Every structure is written in structure tokens, then in C-alpha cells.
Amino acid sequence: MFFWQDDFGNWRVYLKSKYRSLAECGKPVIYLYPEKEMDIKVKVKPNGGFTKTEPAYNSGWFVRATPQSDLFNYADKTNYPYLFWEGRAYGFTTPDNGFVMSKDEVGVKMTQILGQLGLNGKETKDFLEFWQPKLEVKPYVFVTFVPQREFDKAAPLSVNPKPDTIIRVFMDYTLLDAPIEVAPMQIKTPERKGFTVVEWGGRLH
């Protein structure tokens, strides 16, 4: 990344995507919303490997899931609200476009953006509980989201039975001392229908 100030005193940011492809994935969590209670097998394979999972991953997760994403993990006979993993992923491109906001705007703007990306109220609350303090370290922050097709290459996700809807939200961000100009990211809100799987996470810095 480098910055350039134009003749009018405006700062612009240039992101070298190829240098931003190696990522430490922070708290991706997976919610399962079947239409009726059922057994579900879940596998995720970050191409840089895991650093932590909860419950223990072994060769995959096997859970009993309710429509509210109450998950009973058969391996340790424990209930979980979601499946959690951290690891490393590479080989995807981070977009240059996104959103710039002040630290005071993070809560409101991120709530709006996450809703547009398909997260519901609980998922948004969980996301912000983990990420909001990290986004407010400096006066401003640039936020962007890796396209789902790109993240699928770096950390393939398989669910059996096959879901009707899969929503994967993976954020990257850059802390800023001053606002910069970036092209806004265009978001197409996914439709949550049938058996829905939702995952959110982000790049740790």
C-alpha cells in the first residue's frame, strides 16, 4: 500500500493486491440454519492450515443443528452457537475499493454494511463484538471485503447436506490517520432462503 496526495491536498490510497494475499484469518465462525433439525457434516480447508478450531476439527465437524443454529457437536457432546476456526489462507486478491469511515462511525456504518452483505442482527452483533475494537484503533479505517468466490479458493467450505444458501463474509482493513479517497464497493445483498449457512471472519493485522 502507498499513499499519494493530489494537487488539491486529497490523499489517495493504492493497494498492491499481490502483496496482500497471505492472510491470518481471524475468528471465522460458521452458523448453520437448516429448515428442520438435522445432522450436518462441515469441512473447511484453509490452504495455509489451521491455527485453532472450536470444537476440535479432527477430520471435520459432525453436528446436530437446529433452525436457530444451536449446534450439538457429537465428538465432545457439547453445545455451540457456531463453529469457530482460525488459520492462514493465501492466493486470493483483496479489493482496492471499499469504505472509509471515522472511528466514531464504525458501529453504525458497519452495521449497515454487514446487513447489506446478508448478516442478520445476531451475526452482526457477534461480528462487531470481535472486530469493532480493532477497527477503532486509529482515527479512520479503510474496510473492504474479499469476494466470496475468491475466498472459496483459499478456504474451501463443504457442507453435507448441501445448503440452499451460503454466505461467506471475509473482511480486510487498513487503519488510517487521515481519510483517503477510494471507490465504493458495490454490494449485492444475497437472499437467505432454505437451508442457510453463514460465515464471517476477517484478516488479522
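Just the ratio, please: alpha-carbon radius of gyration of segment 76-202 over 2.2 N^0.38 Å, N its number of residues.
1.10
Report, by chain and number, residues whose modeled amide H sits under 5 Å from the one on G118, excluding near sequence neighbours (fewer than 5 apart, same chain).
none
With charges only on Cβ, +1 for K and R and -1 for D and E, what is the dipole size of segment 115-205 about its Cα centre, in debye, rounded to 20?
260
Under a plain spin-label model, where a point goes 7 Å from the Cα along Cα-to-Cβ, how far apart in nm are K153 and K77?
4.5
Apply 1/(1 + (r/R0)^6) to the Cβ-Cβ distance of F62 and R192, taking R0 = 22 Å, and write down the FRET efficiency to the nearest 0.05.
0.35
Which residues among segment 184-199 fall inside the zone where the amide N is under 16 Å from a point 7 Å beyond the Cα of N97, along Cα→Cβ?
184-189
K43: which aspartates and glutamates have alpha carbons under 16 Å from its alpha carbon, excluding same-chain residues fewer than 8 sequence positions away?
E54, E86, D152, E199
Over the chain, calculate the relative contact order: mean separation of alpha carbon pairs under 8 Å at least 6 apart, over the residue count, as a percent.
Relative contact order for the chain comes out at 29 percent.
With θ taken as phi - 60° and the coefficients 6.51, -1.76 and 1.60, list the Karplus ³J(HN,Hα) couplings across segment 85-92 in order, rounded to whole Hz; mark glycine and proline as x.
Those phi angles translate into 8, 9, x, 10, 9, 8, x, 10 Hz.
Which FRET efficiency, nearest 0.05, do A183 and K138 yield, Cβ-Cβ r, R0 25 Å?
It comes to 0.70.
Per the helix-only calculation at 222 nm, which mean residue ellipticity applies to the chain, given -39500 (n - 2.57) for every DSSP H run of n ≥ 4 and division by its residues, nearest 500 deg cm²/dmol?
Mean residue ellipticity at 222 nm (helix-derived): -5000 deg cm²/dmol.
Quick note: the coordinates plus some simple rules give every number you see, no bench work behind them. These numbers were taken from a predicted model, which means no experiment stands behind them. Backbone-built Cβ (ideal geometry, glycine too); neighbour counts: all protein chains shown.
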